[in-house]
Amino acid sequence: MQLANPHIKPGQEDVLYHIALGTKSHNLQYLFHDVKFVCLGGSPSRMRQFAEYLVSVLQIEIPSGMGLTNIASGSDRYVLYKVGPVLSVSHGMGVPSLSIIFHEIVKLLHHAGCSDVTFFRLGTSGGLGIEPGSLVITEEAVDGLLRPYMELATLGKLVQHPSRLDPDLAQELLSLAQADPACQAHNTYLAKTMCTLDFYEGQARLDGAFCDYQEKDKMTFLKKVHESGVCNIEMESLCFASYCHRAGIRGAVVCVTLLDRLKGDQISTPHDTLEDWQRRAQNLVASYIKQRLKRST
Ligand SMILES: O=P(O)(O)O[C@@H]1C[C@H](O)[C@@H](CO)O1
Ligand SMILES: O=c1cc[nH]c(=O)[nH]1
């Protein structure tokens, strides 16, 4: 894992502040040299649950009495679990939060001497014109203006970073979902994902604390977005995709849809059902990882 940053020099201390790790305080190579997959998702408890699930799917031995340890517990910003060659990491909500953890995980992998690492975002989203509980594998991430790049204000100028994802990885995941009986209870789509800076007005909701538009304006916008090929809306794919592209990392975004935004704004499905749906993305990515590890042994 190479860094596209000449300011980070070998031998100099590098502090990964938000995950409470560092090159002087920890032997990163010893701890992380074997990492081949990084799975990111918004919620700390979802990523712990995913780590627990991986322990059973990949049949990883955890030393008795140890349990799974949150390696980033020295900071209360994110959680980080290691299950064999997989990291399960929370990224919080929205692009700024994902951006910070992405930088620090890429630096961690660089200092650890890792190579050929694949990244996944396992998320939730609002669907457009598809039944709730469906999975969407992102073909292309676009911003709230339907542009396929992340615009970042850097040194007082807007810099555009293309949000390209690996088409082969997305296709492999789709084929796996289509072949897997566990995935046949729901639909899986390969489509564009719109990434917004906000959950309420950014996603054309009428139920925020503020709203200066009407139902018909909302529907005109959402229909236009849907007609452009977007099947779901969330808040991190643009940054995830553009950083994967910048770092030369194979990456995929797999999100479950919690509702159909053409039919409403509120997520009123019972919590247990939402948890079941969230496991759909986890099952698909865990099956993919299991298959890849099997192929490499
Ligand atoms: O990974 P998660 O499920 O947190 O992602 C989506 C996008 C926002 O972060 C959040 C909004 O509810 O859910
Ligand atoms: O509608 C939704 C649901 C989950 N996450 C989002 O960003 N939007």
Open item on the list: Just to be sure before I move on: is Ser90 in contact with a Pro (Cβ under 6 Å, 6 or more places away or on another chain), within 16 Å of ligand 2 (Cβ to nearest atom) and of a type outside the set (Lys, Arg) in the structure I sent?
Closed with: yes
Open item on the list: Of everything in the range 164-210, what is surrounded by fewer than 15 Cβ atoms within 10 Å (Cβ to Cβ) and more than 28 Å from Val285 (Cα to Cα)? Give them in sequence order.
Closed with: Asp207, Gly208, Ala209, Phe210
TODO: Test each condition in (1) part of a helix (DSSP H, G or I); (2) closer than 20 Å to Cys195 by Cβ; (3) assigned by TED's automatic domain parsing to the domain that holds His161; (4) not aliphatic (A, V, I, L, M) for Lys216 and report the one that comes out false.
DONE: (2)
Open item on the list: Just to be sure I understand the filter: pairs with C-beta atoms under 7 Å, separated by 6 or more residues or on different chains, first member in the range 184-198 and touching a residue at least 40 places away in the same chain (Cβ under 8 Å), second member near ligand 2 (Cβ under 10 Å from one of its atoms) and aliphatic (A, V, I, L, M). Which pairs pass?
Closed with: Met194/Ile233; Cys195/Met235; Thr196/Ile233; Thr196/Met235
Task: Subset tally (residues that are more than 20 Å from Gln2 (Cβ to Cβ) and under 22 Å from the mean Cα position of the chain (by Cα)) for the range 20-39 - done: 2
Open item on the list: Among the residues that make up the range 103-116, is at least one of them within 15 Å of ligand 1 (Cβ to nearest atom), at pLDDT 95 or above and surrounded by 20 or more Cβ atoms within 10 Å (Cβ to Cβ)?
Closed with: no
Task: Count - residues of the range 22-34 that are under 14 Å from Leu87 (Cβ atoms) and either surrounded by fewer than 21 Cβ atoms within 10 Å (Cβ to Cβ) or within 16 Å of ligand 1 (Cβ to nearest atom) (or both) - done: 3
Task: From Arg261, Arg246, Arg205, residue being within 30 Å of Ala4 (Cβ to Cβ) and in contact (Cβ under 8 Å) with a residue 24 or more places away in the chain - done: Arg246
Open item on the list: Could you check the range 111-136 and list, in sequence order, the residues that are small (Gly, Ala, Ser) and either part of a strand (DSSP E or B) or under 28 Å from Tyr200 (Cα atoms) (or both)?
Closed with: Gly123, Ser125, Gly126, Gly127, Gly129, Gly133, Ser134
Task: Test set (1) at pLDDT 95 or above; (2) more than 21 Å from Tyr243 (Cβ to Cβ) - Val35 fails condition number - done: (2)
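The values are calculated or read from the model by the stated rules, or taken from the named source; none is laboratory data. Just so we're clear, the structure is a prediction, and the values are computed from it rather than from any experiment. A quick note on method: Cβ atoms are made from the backbone with ideal geometry, for glycine too, and the neighbour counts reach across all protein chains shown.
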